[in-house]
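Peer 1: Structure below; questions to follow.
The values are calculated or read from the model by the stated rules, or taken from the named source; none is laboratory data. All values derive from a computational prediction rather than experimental measurement. Because the Cβ atoms are built from the backbone with ideal geometry, glycine has one as well, and the counts that use them run over all protein chains shown.
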Amino acid sequence: MSNQIYTVITFAPVQGFIEKSRKLRDLYGSSYLLSYLSWVICNSAKQYGCQVVSPALANITQGMPNQIIIEGNFPENEAKSVLLTAWECVTETCRLWIEDNIPGDYKAWKRSWGLWTKYAWEFFWVQGNPGDSISKVREKLNEKKRGRDWTGINWQGESSTLSGVDAIAYPKLGQISDPRQYNYQQEKKDVTSFCIALSKKLGESFIDTKEELSVPELIKRMITYDSVTKKLIENFRDKFGKDKANIEPLIEEIQQISNDLQPSSFKDLNRHKENNSNPQGWFQGDGDQAGEYLKKYPEKTHDFSEEMRNWGKWFKNKPLKMGRVIYAGGDDFLGVFYDKEGSGEKLESRYCVDWFRDFKTKIWYENKATQKKITVSVGFVWAFAGIPQRDVLQHCREAEKSAKNNGRDRIAFRILFNNGNHLEWVCPWWLLETDLLSSYRDRDKNESKPKQNWTHIYNDVAVLESRHAFDDDGLDVALGLFEIYFPKHIHIIKDKHKQLHSTGADLTKTYSGILGDELKYYKEDSQELDQTKVNKALTNWIINLAKVGFHLCQQ
């Protein structure tokens, strides 16, 4: 038996930290901070004499996964210490920059910043016994995470307008006073004055005078600002500069983010601005069952991590004509489509649909004959103007989950309206690649000049729903409607072998079912397929296609 020991480390929160973002600047800042903390732990482990199994390519800082697998005995106190030191470097840089550049009495708030420095992250560390596989150690980590390791902090005063849970950062934050003497109006004036002073110093594109951010929200915003970045780099060199060549990727990354986020390059993405009348398309994706693959082939952990990290770097640097990739941490990625200033073009939803039609072949497979070891699921949200960015990101995450829950290896298209309602249609990649959406044909059946007026199918569905034509077993009606508008694809939809895939099927080698895994449609406490449930699901799939297609593909 091998005497090799594996150590697995992670920290939290991750998704919540990213989602609490009002501006594109916040997204870049949160993505960078997560990558930075992972990088520092990996670097410390290597200096301790251990080998980092995953993430591979630790010199690529942006998009670093936050689950770290180390070959060797990397002590818990050492790992936690370096995480806290790295985070302290960031918090102290931001706090001191404000105190040096924005006039005010900051004696009261130092304690609150100290608490955020110490308790912002949950830290999880496990180590296997000699001979334990990577999979077994990862399972131990998951068990430990269920117990949590969280310390809450009681705040005094009003809450952030972004998260609604953490106290607003301003000079008098944490000032101890008798609650009976609390003056809401005075606090409001002090907060507004602080935001105005920040806005004058950093510019309106940095912070709106109506924004009220908590300490971590302010940190995410500040580390992307040029003068703060320069101070942060100085502190990096002071704390981690023993191996100067080793920290250069970290420094180059933060410099690049600062350059990318010059006000002229992203001001059109500030969703909180009232005059922003342009819709945007956001997408979030994740590889399917990567953990299951690594559980099956633990010896391939490093090679798999390297492959996905290389893909993430390639995708992050791939220019988008009408958008940008915000982060790509291996198989986990986030991006946005929008009207780029100076392009002379207005973003149309159809552009996004056409881009995703070839996503699996051109992006996921990089136009290569060699396939990835896993499939990918994506959630796409077409968000109308005026919807807060944090709401859009939450729907992105939910749409991605929907794609996975409905069978994986597919995309969930979601339309998000200003009132919070949404429509969704989920489609496997292979069916999207057959030009299903662009094959829509209007009723006149003019082969030489096909129309793309989705109003007709949309109205037909509305009338049929009002007459309860789809109630009970309305599949025949739905299929008849589908055949009128998509005659070239009716044989695919009717093929029962393409409607579902078998449980446990390797979707890298076989088609994923239109409706997903057959297990979802078994009768209760039975291995028998419930055909009524399948028929209802296919009916709804056709109805949702008509509704979502109307909003995304109407010409």
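Peer 1: Taking the stated definitions as given, is Ser35 assigned to a helix (DSSP H, G or I), out of contact with any helix residue (DSSP H, G or I) (no Cβ under 7 Å at 6 or more places or on another chain) and among the polar types (S, T, N, Q)?
Peer 2: yes
Peer 1: Residue under question is Ile374, and the condition is that it be under 21 Å from the mean Cα position of the chain (by Cα), in the same structural domain as Trp425 (by TED's automatic domain parsing) and either among the polar types (S, T, N, Q) or not in a helix (DSSP H, G or I) (or both); does it hold?
Peer 2: Values: under 21 Å from the mean Cα position of the chain (by Cα): yes; in the same structural domain as Trp425 (by TED's automatic domain parsing): yes; either among the polar types (S, T, N, Q) or not in a helix (DSSP H, G or I) (or both): yes.
Here the answer is yes, as Ile374 does meet what is asked.
Peer 1: Check the stretch 105-117 and report whether any residue there is within 30 Å of Asn317 (Cβ to Cβ) and in contact with a helix residue (DSSP H, G or I) (Cβ under 9 Å, 6 or more places away or on another chain).
Peer 2: Checked the stretch 105-117: no residue is within 30 Å of Asn317 (Cβ to Cβ) and in contact with a helix residue (DSSP H, G or I) (Cβ under 9 Å, 6 or more places away or on another chain).
Peer 1: Also: Starting from residues that are at pLDDT 80 or above and part of a strand (DSSP E or B), keep the ones in the stretch 327-341 and report whichever is nearest to Gly29 (Cα to Cα).
Peer 2: Tyr327
Peer 1: Scan the stretch 358-378 and report the pairs whose first residue is at positive phi and whose second residue is not basic (Lys, Arg), with Cβ atoms within less than 8 Å and a gap of 6+ or a chain change.
Peer 2: So the pair list comes out as Glu366/Trp311; Glu366/Trp314; Asn367/Thr361.
Peer 1: A follow-up question, please. Name every residue in the stretch 493-532 that is in contact (Cβ under 8 Å) with a residue 40 or more places away in the chain, surrounded by 15 or more Cβ atoms within 10 Å (Cβ to Cβ) and either among the acidic types (Asp, Glu) or part of a loop (DSSP other than H, G, I, E, B) (or both), in order of residue number.
Peer 2: Leu507, Tyr511, Ser512, Gly513, Ile514, Leu515, Gly516, Asp517
Peer 1: Moving on to the next point. Can you confirm whether Lys536 is touching a residue at least 24 places away in the same chain (Cβ under 8 Å), closer than 15 Å to Asn406 by Cα, in a helix (DSSP H, G or I) and in contact with a helix residue (DSSP H, G or I) (Cβ under 8 Å, 6 or more places away or on another chain)?
Peer 2: yes
Peer 1: Given the options Gly407, Gly420, Gly386, name the one that is modelled with pLDDT of 95 or more and of a type outside the set (A, V, I, L, M).
Peer 2: Unique residue meeting the criteria: Gly407.
Peer 1: Another question, then. Restricting attention to the stretch 24-47, which residues are modelled with pLDDT of 90 or more and in contact with a Phe, Trp or Tyr (Cβ under 6 Å, 6 or more places away or on another chain)?
Peer 2: Within the stretch 24-47, just Ala45 meets the criteria.
Peer 1: For the stretch 179-209: of the residues being touching a residue at least 40 places away in the same chain (Cβ under 8 Å) and assigned to a helix (DSSP H, G or I), which is surrounded by the fewest Cβ atoms within 10 Å (Cβ to Cβ)?
Peer 2: Among those that are touching a residue at least 40 places away in the same chain (Cβ under 8 Å) and assigned to a helix (DSSP H, G or I), it is Lys201.
Peer 1: Which ones in the stretch 298-311 are crowded, with 19+ Cβ neighbours inside 10 Å, in contact with a Leu (Cβ under 9 Å, 6 or more places away or on another chain) and not β-branched (Val, Ile, Thr)?
Peer 2: Phe304, Ser305, Arg309
Peer 1: With the stretch 210-270 as the region, which helices (runs of 4 or more DSSP H) entirely inside it contain at least 3 residues that are over 27 Å from the mean Cα position of the chain (by Cα), modelled with pLDDT under 85 and under 15 Å from Asn43 (Cβ atoms)? Break it down into steps so the answer makes sense when it comes.
Peer 2: On the way: elements: 215-222, 226-240, 244-260, 263-266.
So the answer is 226-240, 244-260.
Peer 1: Quick one: what pairs do we get from the stretch 406-430, first residue in a loop (DSSP other than H, G, I, E, B), second charged (D, E, K, R) and crowded, with 21+ Cβ neighbours inside 10 Å, C-beta under 7 Å, 6+ apart or different chains?
Peer 2: Arg408/Asp288; Asp409/Asp288
Peer 1: Right, here's the next one. Is one or more of the residues making up the stretch 387-410 farther than 29 Å from Leu34 by Cα and crowded, with 19+ Cβ neighbours inside 10 Å? Break it down into steps so the answer makes sense when it comes.
Peer 2: Step one: of the stretch 387-410, the residues farther than 29 Å from Leu34 by Cα are 406-407.
When the remaining residues are screened for being crowded, with 19+ Cβ neighbours inside 10 Å, the result is 406-407.
Scanning the stretch 387-410, I find at least one residue that is farther than 29 Å from Leu34 by Cα and crowded, with 19+ Cβ neighbours inside 10 Å, so the answer is yes.
Peer 1: Being modelled with pLDDT of 90 or more, more than 30 Å from Leu294 (Cα to Cα) and loosely packed, with under 14 Cβ neighbours inside 10 Å, is that true of even one residue in the stretch 119-136?
Peer 2: The answer is yes; a qualifying residue exists.
Peer 1: For Ile490, are the conditions met, namely being of a type in the set (A, V, I, L, M, F, W, C), within 25 Å of Trp454 (Cβ to Cβ) and free of Cβ contacts under 8 Å to residues at least 40 places away in the same chain? Let's see the steps before the verdict.
Peer 2: Numbers: of a type in the set (A, V, I, L, M, F, W, C): yes; within 25 Å of Trp454 (Cβ to Cβ): yes; free of Cβ contacts under 8 Å to residues at least 40 places away in the same chain: yes.
So Ile490 passes the test.
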